[in-house]
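The values are calculated or read from the model by the stated rules, or taken from the named source; none is laboratory data. As the structure is a prediction and not an experimental result, all values here were calculated from the model. Glycine also receives a Cβ, built like all others from the backbone with ideal geometry; neighbour counts cover every protein chain displayed.
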Amino acid sequence: MSVAIELKDITKTFGSVVANDNVCLKVDRGEILSILGENGSGKTTLMNMIAGIYFPDHGQIFIDGEEVVIRSPKDAFRYKIGMIHQHFKLVDVFTATENIILGLEDQGKYNLKKAAQRVKEISEQYGFEIDPMKKIYEMSVSEKQTVEIIKVLYRGADILILDEPTAVLTPQETQKLFAVLRKMRDSGKAIIIITHKLHEVLSLSDKVSVLCKGKYVGTVNTAETNENQLTEMMVGKKVTLNIDRSEPKNCEKRLEVCDVSCMNREGVKLLDDVSFTAYSGEILGIAGIAGSGQRELLEAIAGLQHISEGDIYYHNPKTGTTDDLRDKTPLEIRELGVRLSFVPEDRLGMGLVGNMDIVDNMMLRSYRRGKGMFLERKKPKSLAEDIIKQLEVVTPSANTPVRRLSGGNVQKVLVGREIASSPTVLMAAYPVRGLDINSSYTIYNLLNQQKDKGVAVIFVGEDLDVLLELCDRIVVIGSGRITGIVDARTTTKEEIGLLMTKTEAYKEDKAHENA
Amino acid sequence: MKTHDKAHEPLLHIVKRSAPVWWRAWLIRVIAVVAALIFSGVISFLLTGKNPIEIYATMLDGAFGTERRIWNLFQALAMLLCVSLAVTPAFKMRFWNIGAEGQALIGGFAAAACMLKIGDALPNYLLIPLMIICSVVAGAVWAVIPAFFKAKWGTNETLFTLMMNYIAIQLVSYFVQIWAVPAGSGKIGTINPNTMAGWLPEIFGQKYLLNIIIVVALTVLMYIYLKYSKHGYEISVVGESENTARYIGINVKKVILRTMLLSGAICGIAGLLLVAGTDHSITGDTVAGRGFTAIMVSWLAKFNPIYMIVTSFIIVFLQKGAGEIATTLGLNHAFSDIITGIIIFFIIGSEFFINYSIKFREKEAQTK
């Protein structure tokens, strides 16, 4: 088989971040290549360079052995490269056919009938099930994806890139998609598929290339590898970070999540029968591939996500009572006397208001205090000044809009505010994402201080090294299910990496329960 | 196909300025106004052959030439500012209320109805408070209907408020026919010309002074409400990010309803001032597009009521001045609209250069 596309020493940086560092890849015609890597390992960036969305800083791209320059998606089409993005780019009120021929510079007249006929032919050739005249807004997620795939095939693509195509599909739909992809492979197309799910990699692809933190680790033949080897390649070597970790003290049940499930609008389960307990005086880590339900889980606890099944119990250390937080609004939760603090993943879109200054952001939690209809800015101002001083926030003044601050300083403001209300439960989602080393350690120290004060800390992280050194126990979540709960002091990176890619629910072990 | 053309970077690209400096922002605005004046000067010379200086002098004269013109200017300024104040809380909440036209008109209509139907029965000290209540309630109801549908079923407020304008205009046109003064004339002339029942009182013999004082008070109150009250704070949070609002437990629906109630109520006051304080009459066009112009006033001022005094002044000045050019210099009205359009375009365009800067591609030699 001939080489369809080859990348040599591709490098791409965004500011100081190296997204791809000398990456090499090769795909033959009639072959499926999987690209495997953790979040932020640079998979999508790499594919975007092939599709003409980004331009590499240096490196070469060869198609059929000849060097090419791909400057725009149009160039990519000319080289018969088609990308199916994770987020669909379709016009809702158009039919499948209209979307497929949209933007196509065809000679001659716009002939919808002929186009529909051609769409049918393509569908039959590869075994898609699609009604060419159906409108997009009436379609399920999997149908929309089919339209995206036909769209690139219609344009004659013979190198296809699919960015996490199975993330939105049910297992049955995934099987159907795989059948189609195999047919395409057999007809001589080169297919690149980005995924996190190891079992899919093993069942579908011919070769696997692994990226780790922007670096190219290697390529192996699927037939000659196994889950363990791939996990090892994916997670990389253990890095020692020297984060201080104290032994948990005075552990009491603080928050109990019992058989919680929740669904999105389409009825897909985002959380499936999730159960765990968070104890006071410990840091409970939550590990998982991005979008496995971490966000929904924290939002469900915070009263922002409707739960279809299950309960969340809070054991109040002051009164000794237990409250069910299910279906309560954030305000009702606070009125119950639950001291719940939440550092959300989306700092400026949820935790803070970017256009407001630090003082006004301090008030978000407390502005209702005091009688009368006017705001009281004195206390928030002194709180803002305290946080700026104690956490060494770099800012021109307390009256600077937070969106002007750097990522690390934004996070210090947010974490500082959440800690200031002396919580009994502190949830933090990716609190060190995008932060430099010093700011990251400031955050780790703050979380550790809270733990020593007896707070039940829930830490959602993506860097396994950090999770292993900071947390006491780690809950691993995969596709909305808990796939394991492990002791952070004894587990290994590989064990967690493997659990992350699993989708079977873990049966809670009584031994852990009594820990 | 081989290309060794490495010029992959586009010729120019747009970069967001990280921290806008206040003096640079104002410098850019001043440059924009000067550029607009020069540009429209050139255009007017090319189109009309008239001396641009003369044109600008005529504009100034049209706005400030006589005492009466100055009063008219301030009256127009007050009315536009009043409607702008009404839409501001809604816009700050990112609720696109483009129905101020209808809300103000229905408020004015409520006042006119009181004047026409019970003007003879009640003394002014009872009639006017009743008119105020009716206007405020009418404006508020007109605004809260789309807000309710938005909060309850997520309907699009832009279309809804726009449609409500047409309902209001047609409703008023209908009643103008029925209640025509004098009967059968097809329009409502001056209402209660002899008894002056329901006319807002003149202060110090100045017809417009009361309107102006009321709007000044409203401006200060709105500024305080938005900046220092808990409600104003909630409006900002909901407008900036609904997610943040939910996160801290703000009842977003309640804030939407409450804010639109306020927005509509102030529109009702604007209608009252137009009908009972200015025209003493009503037509379908009493609000005269202020409901839409107000959107521009509010945006240009970045929803700050104090800045809105300046932005509504610019717009009213341009309208008055441009109108004067049309009559004095014998140019048609379209020409004055061209001038107004050019100047506003430059002012709005300057906001782009305040937030972004344009970078040209660096020379090849420098990158190597």
Practice item. Could you list all residues from segment A:296-329 that are free of Cβ contacts under 8 Å to residues at least 60 places away in the same chain, crowded, with 21+ Cβ neighbours inside 10 Å and within 14 Å of chain B (Cβ to nearest Cβ)? Key: A:E299, A:A300, A:G303, A:L325
Practice item. State all residues of segment A:113-142 that are free of Cβ contacts under 8 Å to residues at least 40 places away in the same chain, under 15 Å from A:T95 (Cβ atoms) and either touching a strand residue (DSSP E or B) at 6+ places or on another chain (Cβ under 9 Å) or among the acidic types (D, E) (or both); if no residue qualifies, say none. Key: A:A116, A:D131, A:P132, A:M133, A:K134, A:E138
Review point. Looking only at segment A:485-505, which residues are surrounded by fewer than 23 Cβ atoms within 10 Å (Cβ to Cβ) and not β-branched (V, I, T)?
Key: A:D487, A:A488, A:R489, A:K493, A:E494, A:E495, A:L498, A:K502, A:E504, A:A505
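Residue by residue, here is whether (1) over 28 Å from the mean Cα position of the chain (by Cα); (2) more than 9 Å from chain B (Cβ to nearest Cβ); (3) of a type outside the set (A, V, I, L, M) holds:
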residue: A:D346; (1), (2), (3): no, no, yes
residue: A:N361; (1), (2), (3): no, yes, yes
residue: A:R365; (1), (2), (3): no, no, yes
residue: A:K371; (1), (2), (3): yes, yes, yes
residue: A:E376; (1), (2), (3): yes, yes, yes
residue: A:K381; (1), (2), (3): yes, yes, yes
Exercise for review: Kindly list the number of the only condition in (1) in contact with a Phe, Trp or Tyr (Cβ under 6 Å, 6 or more places away or on another chain); (2) not in a loop (DSSP other than H, G, I, E, B) that fails for A:Y314.
Suggested key: (1)
Point to revise | Sole exception among (1) in contact with an Asp or Glu (Cβ under 6 Å, 6 or more places away or on another chain); (2) closer than 22 Å to A:T195 by Cα for A:A51, by number | key: (1)
Review point. Would you pick out the residues in segment A:412-452 that are within 23 Å of the chain's Cα centre (by Cα), buried (at least 22 other Cβ atoms within 10 Å of the Cβ) and under 17 Å from A:R473 (Cα atoms)?
Key: A:L426, A:M427, A:A428, A:A429, A:Y430, A:L447
Practice item. Filter segment B:12-28 down to the residues that are more than 14 Å from chain A (Cβ to nearest Cβ), assigned to a helix (DSSP H, G or I) and at pLDDT below 85, then identify the one that is nearest to B:S336 (Cα to Cα). Key: B:W26
Check your understanding: A:S261 versus (1) under 17 Å from A:I458 (Cα atoms); (2) more than 14 Å from chain B (Cβ to nearest Cβ): which is the lone unmet condition?
Key -> (1)
Check your understanding: Any idea which of (1) crowded, with 18+ Cβ neighbours inside 10 Å; (2) of a type in the set (S, T, N, Q); (3) over 19 Å from the mean Cα position of the chain (by Cα); (4) at pLDDT below 85 is the one A:T195 doesn't satisfy?
Key -> (3)
Check your understanding: What helices (runs of 4 or more DSSP H) completely inside segment B:46-138 contain at least 3 residues that are within 13 Å of the chain's Cα centre (by Cα) and in contact (Cβ under 8 Å) with a residue 12 or more places away in the chain?
Key -> B:67-92, B:100-118
Exercise for review: Among the numbered conditions (1) under 28 Å from the mean Cα position of the chain (by Cα); (2) more than 9 Å from chain B (Cβ to nearest Cβ), tell me where A:G351 comes up short.
Suggested key: (2)
Point to revise | Qualifying residues in segment A:124-146 (those that are over 32 Å from the mean Cα position of the chain (by Cα) and not charged (D, E, K, R)) - the one farthest from A:E266 (Cα to Cα) | key: A:Q125
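For A:M356, indicate whether it is within 9 Å of another protein chain (Cβ to nearest Cβ) and touching a residue at least 12 places away in the same chain (Cβ under 8 Å).
Yes.
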Revision key, fill the gap. Per the filter on segment B:66-105, residues of a type in the set (G, A, S) and either closer than 23 Å to B:I213 by Cα or in contact with an Asp or Glu (Cβ under 7 Å, 6 or more places away or on another chain) (or both) are B:A76, B:A78, B:S84, B:A86, B:A100, B:A104
Practice item. Determine if segment B:23-38 includes at least one residue that is of a type outside the set (F, W, Y), more than 24 Å from B:W299 (Cα to Cα) and not assigned by TED's automatic domain parsing to the domain that holds B:L261. Key: yes
**Study point:** Subset tally (residues that are under 30 Å from B:Y208 (Cα atoms) and modelled with pLDDT of 85 or more) for segment B:36-57
**Key:** 1
Check your understanding: Checking A:V257 against (1) surrounded by fewer than 18 Cβ atoms within 10 Å (Cβ to Cβ); (2) assigned by TED's automatic domain parsing to the domain that holds A:A302, which test does it fail?
Key -> (1)
Exercise for review: Might you check whether a residue that is under 30 Å from A:G42 (Cα atoms), modelled with pLDDT under 85 and more than 25 Å from the chain's Cα centre (by Cα) occurs anywhere in segment A:214-234?
Suggested key: no
Study note, to complete from the structure: The helices (runs of 4 or more DSSP H) lying entirely within segment A:318-421 that contain at least 3 residues which are of a type outside the set (D, E, K, R) and at pLDDT 90 or above are A:358-362, A:378-390, A:407-420
Study note, to complete from the structure: Taking segment B:180-191 and the residues there that are surrounded by fewer than 16 Cβ atoms within 10 Å (Cβ to Cβ) and at pLDDT 80 or above, the one that is farthest from the chain's Cα centre (by Cα) would be B:A180
Point to revise | Hits in segment A:225-282 - residues which are of a type in the set (A, V, I, L, M), farther than 21 Å from A:Q449 by Cα and not in a loop (DSSP other than H, G, I, E, B) | key: A:L230, A:M233, A:M234, A:V235, A:V257, A:V260, A:M263, A:L270, A:L271, A:V274
Practice item. Could you please find all residues in segment B:251-285 being touching a residue at least 60 places away in the same chain (Cβ under 8 Å), closer than 30 Å to A:D346 by Cβ and either among the polar types (S, T, N, Q) or within 10 Å of another protein chain (Cβ to nearest Cβ) (or both)? Key: B:T259, B:S263
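Only one of A:I286, A:I307 is under 27 Å from the mean Cα position of the chain (by Cα) and assigned to a loop (DSSP other than H, G, I, E, B); which?
A:I307
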Exercise for review: Determine which member of the set B:T190, B:T219 is touching a Ser or Thr at 6+ places or on another chain (Cβ under 6 Å) and closer than 24 Å to B:A78 by Cβ.
Suggested key: B:T190
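Okay, residues lined up against (1) modelled with pLDDT of 90 or more; (2) surrounded by 14 or more Cβ atoms within 10 Å (Cβ to Cβ); (3) more than 10 Å from every other protein chain (Cβ to nearest Cβ); (4) outside any helix (DSSP H, G or I):
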site: B:I213; (1), (2), (3), (4): yes, no, yes, no
site: B:L218; (1), (2), (3), (4): yes, yes, yes, no
site: B:M222; (1), (2), (3), (4): yes, yes, yes, no
site: B:I235; (1), (2), (3), (4): yes, yes, yes, no
site: B:G239; (1), (2), (3), (4): yes, yes, no, no
site: B:T244; (1), (2), (3), (4): yes, yes, no, no
site: B:G249; (1), (2), (3), (4): no, yes, no, yes
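Select, from A:L181, A:L169, the only residue that is surrounded by fewer than 22 Cβ atoms within 10 Å (Cβ to Cβ), in the same structural domain as A:Q125 (by TED's automatic domain parsing), among the hydrophobic types (A, V, I, L, M, F, W, C) and in a helix (DSSP H, G or I).
A:L181
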